[in-house]
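Shown next, in structure tokens, is the structure this report addresses.
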Amino acid sequence: MEAARPPPAAGKFVVVGGGIAGVTCAEQISKILEEFDVEEQSSTVLENRFPNIKVIESGVKQLKSEEHCIVTEDGNQHLYKKLCLCAGAKPKLICEGNPYVLGIRDTDSAQEFQKQLTKAKRIMIIGNGGIALELVYEIEGCEVIWAIKDKAIGNTFFDAGAAEFLTSKLIAEKPEAKIAHKRTRYTTEGRKKEARAKAEADNMGSALGPDWHEGLNLKGTKEFSRKIHIETTCEVKNIYFQEEFRILKKESLTFPRDHHEKSVTTDKEMWPVYVELTNEKIYGCDFIVSATGVTPNIEPFLHGNSFDLGEDGGLKVDDHMHTSLPDVYAAGDICTASWQPSPVWQQMRLWTQARQMGWYAAKCMAAASLGEPIDMDFSFELFAHVTKFFNYKVVLLGKYNAQGLGSDHELMLRCTKGQEYIKVVMQNGRMMGAVLIGETDLEETFENLILNQMNLSSYGEDLLDPNIDIEDYFD
């Protein structure tokens, strides 16, 4: 006889997801309202800090939106008045189910990567986004073949000029001194390692924050600092296991001694896995890192629910983070912003936006429950992202790559090799975006100039003249 299922637990607000969007949403709403649930948390930190939060460690099996109920994998049901889905995104793996292909998206996969790297002499990184950029610089003691589909590195964030500025840093020896963090840091220190008896391979840990690699020892088996070879304008054509490679009598290449080496040398060493690229080159390696972007993690919530989905597969949300279903909100990587955006804002699946969306979604849920109006949050007026690549501080503002501006724009540049790279995007005399690499101290001034859309035509190239204190100009 089947055991009786426990009665549904009722929560005024339920937040699904343990990443930055979910945690921020939970923290914010706990300061306003009384009691709600947080799903998929691996720690009791929130419960200790906020007594009105109840943490439930279980994935979501099904959403019954008409009944205002979610069913968790442990068989329990949870009723809600307002629900916020913050389940993040999953990595797009170049090959599903291959034991030699590793995707890095959450804390668990990052730990697995560190473990595999300690035994590796050579790895291959596929992809050109933020994770790939961070990895290639941080890895020591292991040869890295980096394959990108673009002509230059960091195509998501940079133009060719900025890419060239950063590439020179890759070739140089890595300095010991790390730049100081002038923002809140996010780490997993103090996190208890709890054994999961019924852990499944596709279970995901909490999402990576901006400082995800700080606590990891990313070192291979060799003693050298950094060895990187970049293969541009190519993608993965085939992946071969060692036995398959041997039977097919294929030949792979040795690690190039420098970026300009044109002579081809056959690699005599046998590797666990081989990657054939679309440029016909084949390299052997210990394992492959797939860093080719993400796809919104919507599958657990689709059955029986008619969500409106964006072109990128995310849950469409309006300007109050509300999905197409009653009382269901979404924030972070799982959602697609479907409101008319500000001329200098665009959605990107970055930790900064996930945090902003989680915070704003909490305010919208609280306002709706109290029947109060709420204005669009100021953080959606201007796209702004601060990060670190190759030990340089990087600030991206507005339409930093002239996204959607067409040919009707001009660029202004200032570059000091090894120190700073500044690019400003102008349209009709007004600043629309900027890329700041290095300690430029210009972010606040440029942020204000983009927001107030002041006509800067009369200033010309003085805007980037290093001998002029531009902050005093517009103080």
In whole Å, how far is the Cα centre of region 127-145 from that of region 323-396? 29 Å
Check Ala120: other-chain or 5+ apart residues with amide H under 5 Å from its amide H, H built from backbone geometry? Thr221
With the cut-off at 1.5 for a/c, could you classify region 352-417 from its C-alpha gyration tensor as rounded, prolate or oblate? oblate
Explain nothing, just compute: Karplus ³J(HN,Hα) = 6.51 cos²θ - 1.76 cosθ + 1.60, θ = phi - 60°, for every residue of region 284-291 in order, whole Hz, x for Gly and Pro. x, 7, 7, 6, 10, 9, 8, 10
Beyond 25 Å (Cα-Cα) in this structure, taken from Lys92/Lys363; Lys92/Lys316; Lys115/Lys417, we find Lys92/Lys363; Lys115/Lys417
Tally Lys and Arg at +1 and Asp and Glu at -1 over the other residues with C-beta under 10 Å from the C-beta of His68: what net charge comes out? 0
Residues with amide H under 5 Å of Tyr400's amide H, sequence separation 5 or more or different chain, H placed in the peptide plane at 1.01 Å from N; which? Ala434
Within region 317-420, what whole-number % of the accessible surface is contributed by carbon and sulfur, with the 1.4 Å probe and all protein chains included in the calculation? 51 percent
Expected vector for region 340-349, Karplus 3J(HN,Hα) from phi with 6.51, -1.76, 1.60 and θ = phi - 60°, integer Hz, x for Gly and Pro, equals 6, x, 4, x, 10, 10, 8, 7, 9, 7
With a sphere of radius 14 Å drawn around the Cβ of Met270, what net charge do the other residues whose Cβ falls strictly inside it have (Lys, Arg +1; Asp, Glu -1)? 0
Would you list the P(r) distribution for region 384-473, with all Cα-Cα distances sorted into 10 Å bins from 0 and each bin expressed as a whole %? 17, 55, 26, 2
For Leu309, distant residues with modelled amide H under 5 Å away: Lys316
Please give the per residue accessible area of region 384-473, computed with a probe of 1.4 Å over protein heavy atoms only, in Å². 46 Å²
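The values are calculated or read from the model by the stated rules, or taken from the named source; none is laboratory data. Nothing here was measured: the structure is a model prediction, and the numbers come from that model. Every residue, glycine among them, receives a Cβ derived from its backbone with ideal geometry; neighbour counts consider all protein chains shown. Each accessible area value is taken on the protein alone, full model and side chains, heavy atoms only, with ligands, DNA and RNA left out. Shrake-Rupley method; radii C 1.70, N 1.55, O 1.52, S 1.80 Å.
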